Amino acid sequence: MRPARLLLSTILIAASAAAQDSETNSIVIIGDRLIDATGAAVNEDYAVVIQGERIAEVGPKDRVRIPPGAEVIDVSGATVLPGLADVHVHPAFYLAAPRDFEDDSLSALRASAILRQALDAGITLMRDLGARHNVGIGLKHALAKGYIEGPRLVVANGVVGQTGAHASEFELMVPSKWLLASDSPEEWRRHIRQNFKLGADVTKVTSPFTREEIEIAIEETHNLGAMIAVHAGGRKGGKPASPDWYSDPEMMMVEWAVAAGADTIEHLYPMKNQAAVITMMKEKGTIVVPTIRGIGRRTREPTESDTRFQLTPAHSEDRFRKMHEGGVPMAIATDVEGGRQGEIGNYFIQELEQFIAWGYSHQEAIEAATRVGAMACGLADSVGTLEAGKLADLIVVPGNPLENIKVLTRPILVIQGGKVVRDRRSTDSVMEVTPGKRHCYCPASYSPHWLRHRWRRKRNPGGRTQFGEKEIRRADPTGSLRRRFSRPSSS
Ligand SMILES: [Zn+2]
């Protein structure tokens, strides 16, 4: 039982002090480092003053005005930065569905778990680029009403594309209106309008498309005052390879989309006139969302179609580096779908690490994960940087992410709209992130569950299966590992 009376009097004292300044709660965060993601250098000994749902001030800790009654949170040793943005996710779509039971209710429940896990990882902004039926819109309502917790959600609802377009292969098995098949200019317009009528924030279209179709989609979306995300390439395999792939219209789709004013280009598909398209992207401010990890291009053996479409890791790296050098803004996205429970923080880090491996500095990668992400969501005016007047969506991570990027999705504090939604300051384990060490990014990793993961890894070094016991028996016939790591209680 809580000491209700004592608590009430404490609240009243705090409230009367705060009331002099404002009716709203004030929080002041003081850390060793502050990365505001505006492009400025790292600020040392800075503080962020939060009043209500917004940032009131960002400045040196001995100079900011601390409102009376404010809660001062000292996070020495830690770094304060804007909340993370994952700008291409499918929480309400499940690739394994053809083999498992699946309906809209299960999809929504599973998605709500992913949203919660994203918040655990410090992701305070997410763009849902395609969900079954109207589940994404339902999630947005549920978040607004406080039924579930998760990042701010920008949703596309159903993906608009031709009959047989990319992702329609899932439709054959699970009729879920994941793809809104559109085969005439009227149908492209109608499905875009329908999504917005239902509450979508952004249009997502997928290839293949004709030049006319993409121009209509972009015009219609912009007429509605919204942004459009274009998946422009990557027709599924099974088609005979054209000996002259340069003549394939797929090689023109990125260019058509950029020329017509697409706001974001998803993935890292090839294009015929690459140098000219990169220049056009820079001029028009097109944002590219490479989803390097999501596409699996980094690790997968290239197929014949990959080679034909210049989708090998070497080609992708070259394209990425040219876009970076050409000044094209790029954002971080995991492309996680419903089957990837508990892994979103891990995937987010993998994508960041890939950006860094392909030429981004740590600082640039952090900006891609925050400010550029907010731009891709059309919310650059309200989130994405730590500046006075913006919504107070911020995270505090242990140590210095400029030295160890892995700490980014292991926040000790997550603040969303001025409210503390995660507080792990009292948990020591989160501080144990060291460079070069394998870590479990499972959201439950701050509980005894975390210890269990460590236990398993110890007993089964390098093992991949979940249940160490069997694995050891097979891999360790002499039992030496078992003796070394046996539980004290069982020996
Ligand atoms: Zn996707």
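The values are calculated or read from the model by the stated rules, or taken from the named source; none is laboratory data. These figures come from a predicted structure and were not determined experimentally. Cβ coordinates were reconstructed from backbone atoms using ideal geometry, including for glycine residues, and neighbour counts include every protein chain displayed.
Looking for something charged (D, E, K, R) and more than 25 Å from Ala200 (Cα to Cα) - is there at least one such residue anywhere in region 330-340? I'd like the intermediate steps shown before the answer.
First pass over region 330-340, keeping only residues charged (D, E, K, R): 335, 337, 340.
Okay, now just the ones that are also more than 25 Å from Ala200 (Cα to Cα), so none.
No, every residue in region 330-340 fails to be charged (D, E, K, R) and more than 25 Å from Ala200 (Cα to Cα).
Just to verify a result, which residue in region 312-348, among those that are more than 23 Å from Pro270 (Cβ to Cβ) and surrounded by fewer than 23 Cβ atoms within 10 Å (Cβ to Cβ), is nearest to the ligand (Cβ to nearest atom)?
Taking region 312-348 and keeping what is more than 23 Å from Pro270 (Cβ to Cβ), we get 336-348.
Within this subset, residues satisfying the condition of being surrounded by fewer than 23 Cβ atoms within 10 Å (Cβ to Cβ) are 337, 339-343, 346.
Details: Glu337: 8, Gly339: 13, Arg340: 12, Gln341: 17, Gly342: 19, Glu343: 15, Asn346: 18 Å.
It comes out as Glu337.
Report every pair of residues separated by at least 6 positions or lying on different chains whose Cβ atoms are under 7 Å apart, first residue within region 345-358 and polar (S, T, N, Q), second crowded, with 20+ Cβ neighbours inside 10 Å.
As it stands, the answer is Asn346/Tyr441; Gln350/Arg293; Gln354/Ile292; Gln354/Arg293, since those pairs meet every condition given.
Could you list, in sequence order, all residues of region 382-413 that are surrounded by 21 or more Cβ atoms within 10 Å (Cβ to Cβ), more than 17 Å from the chain's Cα centre (by Cα) and either among the polar types (S, T, N, Q) or within 19 Å of Leu115 (Cβ to Cβ) (or both)?
Matches in region 382-413: Leu391, Leu413.
Just give me the residues in region 260-274 being among the hydrophobic types (A, V, I, L, M, F, W, C), at pLDDT 95 or above and within 13 Å of the ligand (Cβ to nearest atom), in sequence order. Before you say what the answer is, go through the steps one by one.
Looking only at region 260-274, we keep the residues that are among the hydrophobic types (A, V, I, L, M, F, W, C), and these are 260, 262, 265, 268, 271.
Next, only the ones that are at pLDDT 95 or above stay: 260, 262, 265.
Ile265, the sole residue that qualifies.
If you take the residues of region 70-103 that are surrounded by fewer than 21 Cβ atoms within 10 Å (Cβ to Cβ) and not assigned by TED's automatic domain parsing to the domain that holds Pro411, which of them is farthest from the ligand (Cβ to nearest atom)?
Phe101
Within region 37-53, is even one residue outside any loop (DSSP other than H, G, I, E, B), among the charged types (D, E, K, R) and in contact (Cβ under 8 Å) with a residue 24 or more places away in the chain? I'd like the intermediate steps shown before the answer.
Taking region 37-53 first, the residues outside any loop (DSSP other than H, G, I, E, B) are 43-44, 46-51.
From the residues that got through so far, the ones that are among the charged types (D, E, K, R) too are 44.
Those left that are additionally in contact (Cβ under 8 Å) with a residue 24 or more places away in the chain: none.
There is no residue in region 37-53 that is outside any loop (DSSP other than H, G, I, E, B), among the charged types (D, E, K, R) and in contact (Cβ under 8 Å) with a residue 24 or more places away in the chain.
Buried (at least 18 other Cβ atoms within 10 Å of the Cβ) and either in contact (Cβ under 8 Å) with a residue 12 or more places away in the chain or in contact with a Ser or Thr (Cβ under 8 Å, 6 or more places away or on another chain) (or both), is that true of His166? Steps first, answer last, please.
Working: buried (at least 18 other Cβ atoms within 10 Å of the Cβ): yes; either in contact (Cβ under 8 Å) with a residue 12 or more places away in the chain or in contact with a Ser or Thr (Cβ under 8 Å, 6 or more places away or on another chain) (or both): yes.
Criteria met by His166.
State yes or no: is Arg132 farther than 30 Å from Glu250 by Cα, of a type in the set (Lys, Arg) and within 24 Å of the chain's Cα centre (by Cα)?
On the way: farther than 30 Å from Glu250 by Cα: no; of a type in the set (Lys, Arg): yes; within 24 Å of the chain's Cα centre (by Cα): yes.
For Arg132, the condition - farther than 30 Å from Glu250 by Cα, of a type in the set (Lys, Arg) and within 24 Å of the chain's Cα centre (by Cα) - is not met.
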